[in-house]
Every structure is written in structure tokens, then in C-alpha cells.
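Below is one structure, written out as C-alpha cells; comments come after it.
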Amino acid sequence: MAALSFLYSQLFVTPPIPTHDFTEQTIIITGGNRGLGYEAARHILRLNAARVILAVRSISSGQTAKETLERDTKRWGAVDVYELDMASHASVQAFVMEMKTVNRLDAVLLNAGIFTQDFVLQDGYESTLAVNVVHTFLLAALLVPVLRRAAEAHGILPRLSIVASDRHVMNNLPEWKEENTFRVLNDPKRAKMSQRYPVSKLLQILLARAMAKRLADANGKPVIVVNSLTPGYTNSGLMNNAHGVTALAGALLAKAIARKTEVGSRTLVAAVSMGAESHGKYMNDSEIDGYVFLSVCVRCPANETRPALSPFVRSEDGAKAQEKMWKELLDILENRVAGISRVFG
Ligand SMILES: NC(=O)c1ccc[n+]([C@@H]2O[C@H](COP(=O)([O-])OP(=O)(O)OC[C@H]3O[C@@H](n4cnc5c(N)ncnc54)[C@H](OP(=O)(O)O)[C@@H]3O)[C@@H](O)[C@H]2O)c1
């Protein structure tokens, strides 16, 4: 069903042009210098955000993006560029130190991500795990106190949106049953790199759901909204490092069904515009938990209408994997920054 959902989205759905008003808001976009993050920044500026912070690993590329974004939207001075290398936990921590001085932070679009078929260690983790998972959640956790402070000072409901992917349906993380799943995924002898990107996106969705549970009050009301989303298959630089059959398949698929980068970016803006109703949810085509395919959800429980999210994520095993992976993640983050789990209350 999820595969049909994907094809239906690519072929028949065009996410609507965002209209949400971001007046007075400050939004961080990781990897905002190109691709989906860059186009999302353009929308958010057009929609009156006071300040967009591009968190980028290359300051010069960030500066170029700032210049074109400000020129195109005539929003001079509304874009700031900060250095952030998501492959390095020291860089994440240094970036957060800078963000502690920001007066008001409304939302964070955790967009920076990589696709690679090559096993390379970065800061102790296979690079996809390091960038897409470990440091994405390290950054989210370190920004929680900044967002909480903004909520108190400005009476706002801050948001954390994680750019995951519909490709999460390609893997059910059989390794979740291993004693230490991250250790298995991080073992070059056991790593299946052809599956690594979908695994990283599945982990993002599971961990976003787990984090959302910890960022709600006793009545389930979010203190910080956490959601995840898929932009759909979109033309960008994501597959630039792909090789072999994967590169060929990616290029053919891109020609046949990919969205334009601007069109895909609308889904990022939709997610970061959402309030409490999206808490812990996954968004597809700019809508919470996707759409109903021909009004039918095959193999879903009677009242379940979420075909975009994989059956595994919605299963009992998925829920167990989610909690197991959350515990493992917290251990990893504690090793990076002692005491960090306390931000989750
Ligand atoms: N395109 C799709 O079809 C698609 C579908 C589903 C989900 N997504 C997700 O959408 C997000 C954006 O991807 P995209 O399609 O826009 O790809 P992209 O064009 O390759 O852009 C990726 C962005 O992430 C940044 N980035 C990569 N590694 C980084 C690091 N170590 N530190 C900081 N920034 C880093 C890149 O910065 P540099 O310029 O410095 O490399 C770039 O700004 C990713 O999370 C991706 O998984 C994309």
C-alpha cells in the first residue's frame, strides 16, 4: 500500500503552495544552502518570517544562498548564515552555543541529510547514521531548552520538523532485535549500505515519534511540536554521490516522476507551519499521515487511514523498535553530552 501511496503522490498530487504566515518568526533550516532546504527558505521568507537562519557546512555556499534568497524575495537582511557540520558533534554543539543567543526561535527544519552507498566513518558513526540520525537528534535535543525558553518568553508553540522520506517503507529494521542495533549498523562487515538510506529515514521517523512522546505534558499536549515528513521524490543533489545501478535507477526515476525542488519544498514548509495536531505525526503531500488511496487502506486496522506510513512503523513491533531505538539513541547522546537526556523531562 505504501508503494502505491508513493506512486499516487508522485503522479497525481501537487502539494499546495504554502500560505502560512510566519510574521515575527525565526526559523532555522539545516542544509538551507541548496536543494529542498533552500527552496523552503525562499517560501518562508516570502511568507514574512522575520529571520531565516541557514545552518550550513560551507559558509561561502551559505553566503551565496543568502544573497540570492534576499535578492529574489527582496527581504534584505532577513537571512543569517551559521556554520554547522552535521557530521561533527563538536560542530553541532558550537552551533547550539550560538543559537542560545537568539532572542526568539520558533521552529527548526532538520533538513540536512545525505545519501551514500559507501561505508565511511564520521565522528565514530557510519556517515549516514552520523548526519541523518545521531547528530540530527543531538541537534534537536540541544535545541529543546532554547525552544522551551522561546515558548515561555514569547507565548509561542515551537516546532521541530524532521525531513524524513517515503523511502522508509523499504526497510523494517530487522536489526532492532539485536542487543545493540546501532553497533550492528555501525559494523562495516555487517552494514548493508544499499539499505542504509531507508534505514536512516525509518530511524528518523521512529525517533521523531519517540521524541514527541517526551515533549508533551501529562495531557498529551505538546510543549514543542515534533513532526516528520516526506517531500516525495524530488529533483535535488541528494543522489549526486550514488553510483552503479542505483545512480541509473535514480536518474531514470527522477526523469519519470520526480517533483521540482520548489514543489517538494512546499511539504517542508507545510510541516514547519503545523501546530499541535501534527505532534508525533508523519506528513505526506503536506498532509498529516498522508491521504487515503481510493478511500481504501489495505491491511490497516478498521479505522486506520494512514497508508503513507509503513505497516512496520504502525505495527506492535514498530512500537517496540521505536522505544528500543530511543533508549539506544539517548545512550549515544549521553556519551556526547552528559546529562542531555534531562531535556526530555
Ligand atoms: N530529494 C528527494 O527526493 C528527497 C526525498 C525524501 C527526503 N529527502 C530528504 O530531504 C533532505 C534534503 O535533501 P535534498 O534532496 O535537498 O538534497 P541535497 O540537494 O543534496 O541537499 C542536502 C543539503 O544537506 C546539506 N548537508 C549534507 N551533509 C551535511 C553536513 N554534514 N552538514 C551540514 N549540511 C549538510 C547539504 O549541504 P552541502 O551543500 O554542504 O552539501 C545540502 O544543503 C534530506 O534529509 C533528504 O534525505 C529528499
Condition first: under 30 Å from Phe344 (Cα atoms) and either of a type in the set (A, V, I, L, M) or under 21 Å from the mean Cα position of the chain (by Cα) (or both). Can you find one or more residues in the stretch 230-243 that meet it? yes
Residues of the stretch 82-101 satisfying the condition of being buried (at least 18 other Cβ atoms within 10 Å of the Cβ) and either touching a residue at least 60 places away in the same chain (Cβ under 8 Å) or over 21 Å from the mean Cα position of the chain (by Cα) (or both): His89, Met99
Quick check on the stretch 121-132. Is at least one of its residues in contact with an Asp or Glu (Cβ under 8 Å, 6 or more places away or on another chain), crowded, with 24+ Cβ neighbours inside 10 Å and at negative phi? yes
Qualifying residue in the stretch 222-238 (condition: more than 14 Å from Asn111 (Cα to Cα), within 16 Å of the ligand (Cβ to nearest atom), surrounded by fewer than 24 Cβ atoms within 10 Å (Cβ to Cβ) and not charged (D, E, K, R)): yes
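Given Val56, Val79, which one is crowded, with 17+ Cβ neighbours inside 10 Å, over 20 Å from the mean Cα position of the chain (by Cα) and closer than 21 Å to Leu160 by Cβ? Break it down stepwise before answering.
Values: Val56 fails: over 20 Å from the mean Cα position of the chain (by Cα).
Exactly one residue qualifies, and that residue is Val79.
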Is there any pair with a first residue in the stretch 258-269 that is touching a residue at least 60 places away in the same chain (Cβ under 8 Å) and a second that is among the β-branched types (Val, Ile, Thr) and part of a loop (DSSP other than H, G, I, E, B) whose Cβ atoms are under 7 Å apart and which are 6 or more apart or on different chains, and what are they? Val263/Thr14; Arg266/Ile17
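Outside any loop (DSSP other than H, G, I, E, B) and within 16 Å of the ligand (Cβ to nearest atom): does that describe Val245? Even if it seems obvious, please write down each step before you answer.
Working: outside any loop (DSSP other than H, G, I, E, B): yes; within 16 Å of the ligand (Cβ to nearest atom): no.
Judged against the criteria, Val245 is not a match.
Since every read-out is calculated from the coordinates, none of them should be taken as a lab result. What you see is a predicted model; the values in this text were computed from it and never measured. Counting neighbours? That spans all protein chains shown, and the Cβs are built from the backbone with ideal geometry, glycine included.
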